[in-house]
Amino acid sequence: MTSTKTYGLVLTAFGAAIIAVLAQITIPLPLVPITGQTLAIGLIVTILGLKYGTLSVLVYCLLGAIGLPVFTGMSGGLSILVGPTGGYIIGFIPTALFMGWYLNKFGYTYIHGLIANVSGMMITLAFGTIWLKFVADMSLYAAFMAGAAPFILLEMMKGVIAAWVGILVRHRLLNANLLKLV
């Protein structure tokens with residue numbers, strides 16, 4: 001039993017670490033930067049599934065919330081979560097829950113991975129846009145134009161990549177007996 005718990009902790013920590021590393025890939029824009037975070041969320045949940053994928057996202061968010069520099073630009077702290085980009089980070093949690101639930105229900109195939117990842121990217125954008133509206137005191141239209149519209153195509157492309165790579169890696173790890181989802 002202890003080895004099962006330890007294995008789950010290692011998977012969760014590994015997932016959170018991958019998200020933290022990919023979060024450092026960034027292209028700065030005036031209000032909301034383009035980052036590798038959403039790609040990382042998609043990859044981790046697609047590879048690890050609902051339980052460990054979502055736990056990885058929760059750990060990542062908590063590590064950043066307590067001040068560890070895991071968010072974009074080696075930043076962390078509650079000020080990030082209550083700032084203009086906080087809604088995107090908070091949105092990672094329902095994104096992971098939805099993606100993991102969807103993949104568990106419909107199967108870990110490329111088509112379902114694609115649906116889960118693209119939908120997940122849109123969930124993150126929706127949370128971020130609504131948050132941006134309130135934090136930056138913008139109209140919903142202005143928040144959408146600043147915080148979602150410029151990213152929709154890019155997020156869809158990240159969803160395609162996360163689905164393709166995630167499903168491929170998941171199947172290879174399972175086939176090689178290197179991933180045991182308990």
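For first residues located in segment 136-158 and more than 17 Å from Ile123 (Cβ to Cβ), partners that are surrounded by 15 or more Cβ atoms within 10 Å (Cβ to Cβ) and lie 6+ apart or on another chain with Cβ distances below 6 Å form the pairs Ala136/Pro84. For segment 94-115, the criterion of being more than 19 Å from Arg170 (Cα to Cα), at pLDDT 95 or above, buried (at least 19 other Cβ atoms within 10 Å of the Cβ) and not hydroxyl-bearing (Ser, Thr, Tyr) is satisfied by no residue at all. The residues in segment 23-59 that are crowded, with 19+ Cβ neighbours inside 10 Å and within 27 Å of Ile111 (Cα to Cα) can be counted, and the count is 23. Using the structure shown, decide if Thr4 is out of contact with any Phe, Trp or Tyr (no Cβ under 7 Å at 6 or more places or on another chain), assigned to a helix (DSSP H, G or I) and at pLDDT 95 or above. Against the criterion (out of contact with any Phe, Trp or Tyr (no Cβ under 7 Å at 6 or more places or on another chain), assigned to a helix (DSSP H, G or I) and at pLDDT 95 or above), Thr4 does not qualify.
Of all residue pairs spaced 6 or more apart or on separate chains, those with beta-carbon atoms under 8 Å, a first member in segment 6-31 that is aromatic (Phe, Trp, Tyr) and a second member that is modelled with pLDDT of 95 or more are Phe14/Ser56.
Do we find that Lys5 is charged (D, E, K, R), surrounded by fewer than 17 Cβ atoms within 10 Å (Cβ to Cβ), on the phi < 0 side of the Ramachandran plot and more than 16 Å from the chain's Cα centre (by Cα) in this structure? Yes, satisfied.
The values are calculated or read from the model by the stated rules, or taken from the named source; none is laboratory data. Model, not experiment: these values are computed from the prediction. Please note: Cβ atoms are built from the backbone with ideal geometry, for glycine as well, and neighbour counts cover all protein chains shown.
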